[in-house]
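Structure record follows, encoded as structure tokens.
The values are calculated or read from the model by the stated rules, or taken from the named source; none is laboratory data. Given the structure is predicted, the values throughout are model-derived calculations rather than measurements. Counting neighbours? That spans all protein chains shown, and the Cβs are built from the backbone with ideal geometry, glycine included.
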Amino acid sequence: MTNPNAPTGTVDRTLRILETLAAQPEGVPLAALADELNLPRSACHRLLADLVRCGYVRQLREMGDYALTTRLPALGLSFLGAAGIVDIAQPIIGRLAEVSGELVRLALVDGDRLTFVAKAQGARAGLRYDPDMGIDVRLSCSAGGHAWLMTLSEERATEIVARQGFGSPREYGPKAPTTFKALMKVLEEDRRRGFSMIVEMYAPGMSAMAAPMIRRGGEVAGVITIAGPLQRLTVARMQELGSSLVQAAGELAIAATTSPLLRRREARAV
């Protein structure tokens, strides 16, 4: 049966290959990659050969699996470095990580996506929660997603989540909202509070909170999140950290105006 979500054009197929390999740094066999993306193996092999030739993918000698090289991550880091946003954010999220003792991350809004670009780890001992950077945030079940969505109209929030989807049960925690009605109820509670809080929505045993970086004119440039194990980051603890989180998000919203990337976005929004 044909997958309706399967990539069609060459660019779509190539990007899907890169996204899949980015999530599996140990490498992926040709057959498994082709099957996952619903591609003919011959077409998948041709695209991989082009990516190898361009230096973005390499073939592992041991198993013949395909894996990303460091060229693509380096390209992203070069872009963020030139934009200046990570240098601007690091002192602010670093202080918040020290105060909270948990993982603090910055995610930027990019169209209909929210992507983690910087982090600071506050946990010095015990369980450290540290998911991969550079991933797009699952909006329906994450604190960061909720912090952004709560600033939008119900119509706009619904549109964005519908485009991304709620995902399958294995992709989120047991308490995640799985309907638009349930999600809107959570967002309304977040608006009243001034920041989002989730408990076992993104992953079992984990909790998180987030606040939006609201720029001049009401535009949201990104969100700051605090995440950790529920045994430490309890509801009571998140409520204690609320004012520090909101303050950090406000500071970063002001400081980020010096970033060429965010200045350009602000100019487009005016």
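So the values come out like this:
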| read-out | value |
| --- | --- |
| Qualifying positions in region 158-177 - hydroxyl-bearing (Ser, Thr, Tyr) and crowded, with 20+ Cβ neighbours inside 10 Å | Tyr172 |
| Pairs with Cβ under 8 Å, 6+ apart, first in region 184-197 and closer than 18 Å to Glu240 by Cβ, second buried (at least 23 other Cβ atoms within 10 Å of the Cβ) and of a type in the set (Ser, Thr, Tyr) | Asp190/Ser196; Met197/Ser207 |
| Residues located in region 178-202, provided they are modelled with pLDDT under 95 and buried (at least 21 other Cβ atoms within 10 Å of the Cβ) | Tyr202 |
| Residue that is assigned by TED's automatic domain parsing to the domain that holds Lys119, basic (Lys, Arg) and not in a helix (DSSP H, G or I), where the choices are Arg191, Arg170, Arg232, Arg163 | Arg232 |
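Yes or no, residue by residue, for (1) more than 22 Å from the chain's Cα centre (by Cα); (2) outside the structural domain of Arg105 (by TED's automatic domain parsing); (3) modelled with pLDDT of 90 or more:
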| position | (1), (2), (3) |
| --- | --- |
| Ala22 | no, yes, no |
| Glu26 | no, yes, no |
| Ala32 | yes, yes, yes |
| Phe79 | no, no, no |
| Gly84 | no, no, no |
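To keep it simple, each residue is scored yes or no on (1) charged (D, E, K, R); (2) assigned to a loop (DSSP other than H, G, I, E, B); (3) modelled with pLDDT of 85 or more; (4) in the same structural domain as Glu240 (by TED's automatic domain parsing).
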| site | (1), (2), (3), (4) |
| --- | --- |
| Pro91 | no, no, yes, yes |
| Leu96 | no, no, yes, yes |
| Val99 | no, no, yes, yes |
| Arg105 | yes, no, yes, yes |
| Val117 | no, no, no, yes |
| Ala120 | no, no, yes, yes |
| Gly126 | no, yes, no, yes |
| Tyr129 | no, yes, no, yes |
| Arg138 | yes, yes, yes, yes |
